[in-house]
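J.: Here you go, one structure.
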Amino acid sequence: MTAIDLTDIPLVDNHCHGILRRQPVGVAAWRERFTESRDPGMQREHVGTTLLYRRLIREMAAFFDCASNEDAVLDARRGRDDDALIGDLLRAARIEALLIDQGYPPPDQVVPDAELGRLAGCRTFPMLRVEVLMQELIAAHGILDAVVEALQAALVDVRAEGYVALKSIAAYRTGLDIQTWPRQEAQAAFDEARRQAVETGALRLAHKPLLDTLLHVVFREAARQDMPIQFHVGYGDADADMLRANPLRLRAVLEERAYRSMPIVLLHECYPYTREGAYLAAVYENVYLDLSYGIPFLGYGEMAAFTRAAFGVAPTSKLLYSSDGVGVPELHWMSALHGRRILGETLGEIVAQGDLSVTEAEAAGAAVLRDNATRLYRLD
Ligand SMILES: [Zn+2]
């Protein structure tokens, strides 16, 4: 079996996050970047033994040309200034464009997009996390109709605001079974959310009838503008009730004809629901499946397995590469290195099995790494 060589294809990372302005220094703060768990014992005892972490330490040792252990690579990384570290890693990843979720980490903690683009030698495009916008509007307006109106106004021309996509985290707040609620229930949820915002000065929007109601406002605007929306699906945040984060739960939204002009990107290969996500990409014209190689934190073999599963059922025109890298540049970098390699190896297997010719496999590799995202998000 000969792998398809995708090394020279510049990639579009269709979903990632900002990189922390102040990089972690100590081992605990560093390890925290490689788990979704909030249990303190996870970082102390267990993170260091995941396959991803062992592979990362070895790759970093090769990159920094130092001994292959955690102390040595952390010393080597502290030995470079943060800008040089970020620039060297991201340039080595051959990135053409980063699509950056502005919702996390908070903007004041990350390297500004323009500066990140300069360091990495790539273009950057912002994506709007709709729940953050909703929270601001609920804090600012005392009545539900005013929030709906303000939300509509804020989204009236999303591209003119500079965004290439919307992003929703409903999966780990209230679930993907987004419903239509009677006015009374939406109002009661709004009153509750307002109380929280006013009394605590902060709002974590997890009031289902309200969030669902506002999401329908977002969907109407997105559909009118053919604006893609990314949904977090499956693995990712400890908040997620994984049973409610199954992409099959999106059925009501997918079946709504009025929303068919809104492209839907299911993030993180819907892990562990990759087959479900790939199936949806195969049956709904407007559904795309993101293949993310930085987070979830998986071993190489498991990433190869989800890649195979996705190619097995979804059209290759529906698959998009990402890292979901966040905080430290190593995630964006190693994802690019290994995502490219896994795609090349998987396509090599597919050629050996007779599904694609070499030329078709090369085109499919370029499509997943770059061309599909360029077209979908109108990056040209
Ligand atoms: Zn993300």
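J.: Once label points are set 7 Å from the Cα along Cα→Cβ at both residue 152 and residue 374, what is their separation, rounded to one decimal in nm?
T.: Going by the 7 Å Cα→Cβ label model, 3.8 nm.
J.: Please work out the FRET efficiency for the pair residue 184 and residue 25, using the Cβ-Cβ distance as r and a Förster radius of 51 Å; give the result to the nearest 0.05. Walk me through the numbers on the way to the answer.
T.: Details: r = 52 Å, r/R0 = 1.02.
With R0 = 51 Å, the Cβ-Cβ based efficiency is 0.45.
J.: Please identify every one of the GluC sites (Glu not before Pro) in region 107-195 that sits in a loop by DSSP and has no more than 16 other beta carbons within 10 Å of its own beta carbon. Intermediate results must be reported in sequence, preceding the final value.
T.: Numbers: sites: 115, 131, 136, 149, 161, 185, 192; in loops: 161.
Loop-located and lightly packed - 161.
J.: Can I ask one more? On the principal axes of its Cα set, how long, how wide and how thick is region 170-209? Give whole Å, largest value first.
T.: Projected onto the principal axes, the Cα atoms of region 170-209 cover 29, 24, 6 Å.
J.: While we're on this one: Take the Cβ-Cβ distance between residue 123 and residue 241 as r, set R0 to 30 Å, and report the resulting FRET efficiency rounded to the nearest 0.05.
T.: Values: r = 36 Å, r/R0 = 1.20.
Rounded to the nearest 0.05, the efficiency is 0.25.
J.: For region 235-380, what is the Kirkwood estimate of the hydrodynamic radius, computed as the reciprocal of the mean inverse distance between distinct Cα atoms, to one decimal in Å?
T.: Over region 235-380, the inverse of the mean reciprocal pair distance is 15.6 Å.
J.: Projected onto the charge dipole of the chain (+1 at Lys/Arg Cβ, -1 at Asp/Glu Cβ, origin at the Cα centre), which of 189, 79, 319 gives the Cα projection farthest towards the positive end?
T.: Farthest towards the positive end: 189.
J.: How long is region 295-380 along each principal axis, judged by its Cα atoms, biggest number first, in Å?
T.: Result, largest extent first: 41, 34, 19 Å.
J.: May I pose another question? For the pair residue 91/residue 69, report the inter-label distance in nm, with labels modelled 7 Å from Cα in the Cβ direction.
T.: Once both label points are built, they end up 3.2 nm from each other.
J.: Over the chain, with the other protein chains present, what is the accessible area per residue in square angstrom, probe 1.4 angstrom? Write out the running numbers ahead of the final one.
T.: Numbers: 15660 Å² over 380 residues.
So the chain comes to 41 Å² accessible per residue, rounded to a whole number.
J.: Quick check for me: using +1 on Lys/Arg Cβ and -1 on Asp/Glu Cβ, what's the dipole size of region 89-204 about its Cα centre, in debye to the nearest 20?
T.: Working: 12 positive and 16 negative charges, 98 e Å.
The dipole magnitude comes to about 480 debye.
J.: Roughly how many debye, to the nearest 20, is the charge dipole of the chain about its Cα centre, given +1 on each Lys and Arg Cβ, -1 on each Asp and Glu Cβ, and no other charges?
T.: On the way: 40 positive and 54 negative charges, 37 e Å.
Approximately 180 debye in magnitude.
J.: Using 7 Å Cα-to-Cβ label points, what is the residue 81/residue 251 separation (nm, one decimal)?
T.: Spacing of the two 7 Å Cα→Cβ label points: 5.7 nm.
J.: How large is the dipole of region 210-361 about the Cα centre if only Lys and Arg carry +1 and Asp and Glu carry -1, each at its Cβ, rounded to the nearest 20 debye? Intermediate results must be reported in sequence, preceding the final value.
T.: Values: 12 positive and 19 negative charges, 59 e Å.
Charge dipole of region 210-361: 280 debye, to the nearest 20.
J.: Using helices alone, what [θ] at 222 nm do you get for the chain, with -39,500 (n - 2.57) per DSSP H run of 4 or more residues, divided over all residues and rounded to the nearest 500? Each step should come with its number before you reach the end.
T.: Numbers: 15 runs with 172 residues, N = 380.
Helix contribution divided over all residues of the chain: -14000 deg cm²/dmol.
J.: Mind putting together the pair-distance distribution for region 215-313? All Cα pairs, 5 Å bins, whole percent per bin, short to long.
T.: 3, 14, 24, 23, 19, 11, 5, 2, 0
J.: What percentages, rounded to whole numbers, describe P(r) for region 27-83 computed over all alpha carbon pairs with 10 Å bin width beginning at zero?
T.: In order of increasing distance, the bins hold 23, 52, 24, 1 percent.
J.: Limiting things to C-alpha atoms, what are the Rg and the maximum Cα-Cα separation (Dmax) for the chain, in angstroms?
T.: Values for the chain (Cα only, Rg and Dmax): 20.7, 63 Å.
J.: Something else: So between residue 309 and residue 195, what do we pick up on full extension, going 0.36 nm a residue minus the alpha carbon distance?
T.: Values: separation 114, 0.36 × 114 = 41.04 nm, distance 4.57 nm.
That pair, residue 309 and residue 195, stretches by 36.5 nm at full extension.
J.: So, one more: With unit charges on the beta carbon (Lys/Arg positive, Asp/Glu negative), name the residue among 49, 6, 111 whose Cα is farthest towards the positive pole of the charge dipole of region 1-119.
T.: 49
J.: For region 1-137, just list the percent of Cα-Cα distances falling in each 5 Å bin from zero outward, please.
T.: Spelled out bin by bin, region 1-137 gives 2, 9, 15, 17, 20, 18, 12, 5, 2, 0, 0, 0 percent.
J.: Then there's this: What are the extents of the Cα atoms of region 88-202 along their three principal axes, listed from largest to smallest and rounded to whole Å?
T.: Result for region 88-202: principal-axis Cα extents of 54, 28, 26 Å.
J.: Eigenvalues of the Cα gyration tensor times 5, then square-rooted: what semi-axes does that give for region 89-146, in whole angstrom, largest first?
T.: 32, 10, 7
The values are calculated or read from the model by the stated rules, or taken from the named source; none is laboratory data. The shown structure was predicted, so the numbers you read here are calculated from the model rather than taken from an experiment. Cβ sites come from the backbone with ideal geometry, for glycine too, and all protein chains shown count toward neighbours. We work out accessible area using only protein heavy atoms, side chains counted, and drop any ligands, DNA or RNA first. Shrake-Rupley method; radii C 1.70, N 1.55, O 1.52, S 1.80 Å.
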